[in-house]
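Here the structure is laid out as structure tokens; the discussion comes afterwards.
The values are calculated or read from the model by the stated rules, or taken from the named source; none is laboratory data. All figures in this text were calculated on a predicted structure; none of them were measured in a lab. All Cβ positions, even for glycine, are placed from backbone atoms using ideal geometry, and neighbour counts span all protein chains on display.
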Amino acid sequence: MIAQRPPREAIRFRTSATADESFLLGVYATTRSAEMQLVPWTPEQKAAFVAQQFTAQKNHYEEFYPNCEFLIIELESEPIGRLYIDRGETEIEIIDIALLPQFQRLGIGRMLLEEILAEGKATGKLVRIYVENFNPARRLYDRLGFRHVDTNGVYHCLEWSVAAPEAQ
């Protein structure tokens, strides 16, 4: 297990492929694990539900974000997470960013988000992300200078812009 933030040069992105499907399902499952602990289902029922939700999310993203980059985050060639990012003419939308639990809280996510914000600053583009209220990364987004602009069901729309106050 890694105990500190790895050097930036050890982290790479690659476009996801069909062969990554089981890995991506595993990453998605980790994002739903707390929820699944609350339901009185069998492990098989939980796995089936998570697989169904993963497929629904994947289909939604592919339909509504046709220009999205679906990226695998790798650390020294080992897949550790996913980044789905849609770069438009006036905004950059982080559709999804998730790291496997053993790679969380090491500063990797912050480092990658700061790079996206630097891109937004350099290009003058707004950066947007939708986050569930209970997502522990919400505090990080707040520290980076994202501002809540809307709520859609359980999702909060957060935006960062060059005009916003500097991140902490």
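For the residues R147, R139, the requirement of being closer than 28 Å to E9 by Cβ, surrounded by fewer than 16 Cβ atoms within 10 Å (Cβ to Cβ) and free of Cβ contacts under 8 Å to residues at least 24 places away in the same chain singles out R139.
Looking across region 39-94, the residues that are assigned to a strand (DSSP E or B) and loosely packed, with under 15 Cβ neighbours inside 10 Å come down to E69, E78.
Just to be sure, is Y28 within 23 Å of I116 (Cα to Cα), under 17 Å from the mean Cα position of the chain (by Cα), assigned to a helix (DSSP H, G or I) and in contact (Cβ under 8 Å) with a residue 40 or more places away in the chain? It is true that Y28 is within 23 Å of I116 (Cα to Cα), under 17 Å from the mean Cα position of the chain (by Cα), assigned to a helix (DSSP H, G or I) and in contact (Cβ under 8 Å) with a residue 40 or more places away in the chain. S33 passes every criterion in (1) over 16 Å from A98 (Cα atoms); (2) modelled with pLDDT under 95 apart from (1).
Scanning region 95-136 for residues that are crowded, with 18+ Cβ neighbours inside 10 Å and in a helix (DSSP H, G or I) turns up F103, I108, G109, L112, L113, I116, L117, G120. Taking the criterion of being farther than 15 Å from I95 by Cα and surrounded by 12 or more Cβ atoms within 10 Å (Cβ to Cβ), the residues of region 15-26 that qualify are D20, E21, F23, L25, G26. The residues of region 150-168 that are modelled with pLDDT of 90 or more and surrounded by 15 or more Cβ atoms within 10 Å (Cβ to Cβ), listed by number, are H156, C157, L158, E159, W160, S161. Sub-7 Å Cβ pairs linking a first residue in region 102-126 that is closer than 20 Å to C157 by Cα to a second residue that is of a type in the set (S, T, Y), at least 6 apart or interchain, are K125/T90; L126/T90; L126/S161, ordered by first then second residue. Set side by side, the residues F49, F13 differ, and just one is modelled with pLDDT of 95 or more, among the aromatic types (F, W, Y) and under 15 Å from I73 (Cα atoms), which is F13.
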